[in-house]
Each structure stands twice: as C-alpha cells, then as structure tokens.
Amino acid sequence: GRSAVHICEQFRLFKITVVDPYIEYKELNKYVKKQNMEQTFNILKKNLTRFQDRTEIFRLTSDKFFEENKKEFDIIYIDGSHHSKDVKKDFENSIKIIKKNGIIILDDFTWNHYKNINENPIGGIFPVLENNPHLKIVSASNQLIIKN
C-alpha cells in the first residue's frame, strides 16, 4: 500500500481504489523467504485508515473486480501478476473503464522473470497496443505510461 499512501499524501483530491487478492505470489518466492499476505493486508488497512474517506479496498482478483465494477477511472495503475496473459487481460479490461484522456500505467514493463520473453509483461502489452492504435505511449521505462 505504499503507492496508495503516497498518492493520498501528495494528491489530496484523489480518490484511490486498491484491488488485490492478497495471496502469495510464486514470482516472489526467490526474493521473499516467507510471504505473509494477511499481515500485508492488515498493514495496508492500517496505513490507509487516515485516508478512509477517499480510499476503497477490494480484496479480490482483478478479474472479479472488472466483472463487478461500474465506475470509470482517470488513472489506472497496473501492478499485479507479471505473467503476460494476466497483464494482457488487466490492460484490456482497463481500456474499457479508463476515461477519455485517462492514463494507464503498467508497472514492471521490463520485468524479466520468465525465460520465454513473451511470458513476461511485455508479451501481454504489445498485442494490446497493436489492437488499440488510438492509445498513445507517453513514457517508456520500467513503467509504460499510456494515454487513452
């Protein structure tokens, strides 16, 4: 929740929606000895308590969130699963609910965890960009920033 706290602190008019199932991620096993996602979730809730008037937390998968969501967003920050099929699905779903001139930020654009490059985020991002020529790349580094 550090990103959500930072955004709340820096942008006092922003409303934040956090979506995460808070389950263990196999991708992290080589970096983190023991994942305690229940503790992580509780820390998030505690850290966002002072911003509860402008934050919503959905403890569910992004697929389930997109299925149930009825709102549009000005900015969407995608930083979930790093497998290309999941990134692709999150990106496609985000395009459906981003407002005109809205921004989509795809984190870990250059993530290189899987041996087959097409299984990494980049393998899910490029097909979506190719199928949506109206999207404009604003910035490309470890994060890819797209304008609708």
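The values are calculated or read from the model by the stated rules, or taken from the named source; none is laboratory data. This one's a predicted model, so the numbers in the text were calculated from it and none came from an experiment. Because the Cβ atoms are built from the backbone with ideal geometry, glycine has one as well, and the counts that use them run over all protein chains shown. We work out accessible area using only protein heavy atoms, side chains counted, and drop any ligands, DNA or RNA first. Shrake-Rupley method; radii C 1.70, N 1.55, O 1.52, S 1.80 Å.
For this structure, a couple of remarks:
- Accessible area (Å², 1.4 Å probe, nearest 10) - Lys136: 130
- Each Lys or Arg adds one and each Asp or Glu takes one away; over the other residues whose Cβ falls under 12 Å from the Cβ of Lys85, this sums to -3.
- Sum of side-chain charges, Ser141 neighbourhood, beta-carbon under 13 Å (Lys, Arg +1; Asp, Glu -1): -2
- Rounded if a/c under 1.5, otherwise prolate or oblate - region 83-148, Cα gyration tensor axes: prolate
- For Val19, the amide hydrogen comes within under 5 Å of the amide hydrogens of Phe58, counting only partners 5 or more places away or on other chains and with H modelled in the peptide plane.
- The figure for Tyr22 is an accessible area of roughly 20 square angstrom, using a 1.4 Å probe on the protein chains alone.
- Most to least accessible of Lys15, Lys45, Lys115 (protein chains only, probe 1.4 Å): Lys115, Lys15, Lys45
- Computed 3J(HN,Hα) for region 57-68, one whole-Hz value per residue from the Karplus formula 6.51 cos²θ - 1.76 cosθ + 1.60 where θ = phi - 60°, is 10, 10, 8, 7, 6, 5, 4, 5, 4, 4, 4, 9, glycine and proline marked x.
- Fraction of antiparallel bridges per DSSP, the chain only, in percent to nearest 5: 45
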